[in-house]
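Okay, structure first, notes after.
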Amino acid sequence: EEPKNNTPPPPSSKNPFFLSLPFSHVHLPQFAGVDQIGKSERGYFGDSVAEVDSAVGAILNAVKVQETLSENTFAFLTSDNGARPNTRDTVHTGNNGLLSGRKGQIWEGGLREPAVAWWPNTIAGHQVIMDVAVTTDVFATFAELAGASLPSDREMDTISMLSILNITHAGKRGDARMVSAGGNTRNVSFFYQGCQLWAVRMGPWKAHFFTSPKPTFPVPQFQDYDVTVLPAGVDDVGATQDLQGTPHNPPLLFNLESDPSEDFALTGHDDV
């Protein structure tokens, strides 16, 4: 309510604004207000997602009231990690679909996440951009928007996303186009556990130098909103195990375009 009710006047050189709104959703414990509770087909987790959607919509609607303000406002929504579906209580947790792993792991299920960019009359809507970016790229993106220079006294793993977001070809309403913008896209992404490099991605290729065990819990039956019962003697995979990686030399190599689940390592094949 506070960001919605305190939307600044149309921006100018004297009153530009920046709002960072880090939701605690949809991290445990789940929460939804009276307007959303019990409304989703996905139980408590779905209600919590709907709560985020409602809050973001309220802020954007407040911006849209002023046409000049909306045309000069860039909004970016993303998450910091994948879901952690392999807990005892599946009613309150997300699901990573075909992606292996979970929050806290370097598998795609722990890393890959959606992002939504909004900038009326500047970013074309109704399209899915297939280029790769990482969360640290938000820093360089907003620095470029503000006309600020990045620090030159250190190496920084951040690349502006404006070249892949500012696309002139707009799809018709309801027509989600799959596009690749090219331009100043990220060629290499590095993935760490603490200070240790665990994996590197270049284009469709991802090499794992260390891995933690993939979760082997039963697939949650979300339609029943039931509690998943773990096999006898099996406990939840904790963060400690995620940090105790198995080394691989040579590294495990996967092609994420043909194998997004990272099930078929190509390491050791003569033609790789």
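The values are calculated or read from the model by the stated rules, or taken from the named source; none is laboratory data. Computed from a predicted model, the values in this text were never measured in an experiment. Neighbour counts are summed over all protein chains in view; Cβ atoms, including those assigned to glycine, are modelled from backbone coordinates with ideal geometry. Please note that ligands, DNA and RNA were not included when accessible areas were found on the heavy atoms of the full protein model with its side chains. Shrake-Rupley method; radii C 1.70, N 1.55, O 1.52, S 1.80 Å.
Among the aliphatic types (A, V, I, L, M) and buried (at least 20 other Cβ atoms within 10 Å of the Cβ), is that true of residue 32? Outline the logic, then answer.
On the way: among the aliphatic types (A, V, I, L, M): yes; buried (at least 20 other Cβ atoms within 10 Å of the Cβ): yes.
The answer is yes for residue 32.
Taking residue 95 and the conditions (1) open to solvent by 60 Å² or more (accessible area, probe 1.4 Å); (2) out of contact with any Pro (no Cβ under 8 Å at 6 or more places or on another chain); (3) not β-branched (Val, Ile, Thr), which numbered condition does it fall short on, given that it satisfies the others?
That leaves (2) as the condition not met.
Do we find that residue 116 is closer than 25 Å to residue 157 by Cα, under 19 Å from the mean Cα position of the chain (by Cα) and part of a strand (DSSP E or B) in this structure?
Yes.
Tell me which residues, restricted to the range 47-79, are under 19 Å from residue 165 (Cβ atoms) and not in a loop (DSSP other than H, G, I, E, B).
Listed by number, the residues that qualify are 56, 60, 63, 70, 75, 76, 77, 78.
Being without any contact (Cβ under 8 Å) to a residue 24 or more places away in the chain and within 22 Å of the chain's Cα centre (by Cα) is the filter here; which residues of the range 122-154 pass it? If you could, list the steps in order and put the result at the bottom.
Let us first name the residues in the range 122-154 that are without any contact (Cβ under 8 Å) to a residue 24 or more places away in the chain, namely 136, 139-140, 143-144, 147-154.
Those that are without any contact (Cβ under 8 Å) to a residue 24 or more places away in the chain and within 22 Å of the chain's Cα centre (by Cα): 136, 139, 140, 143, 144.
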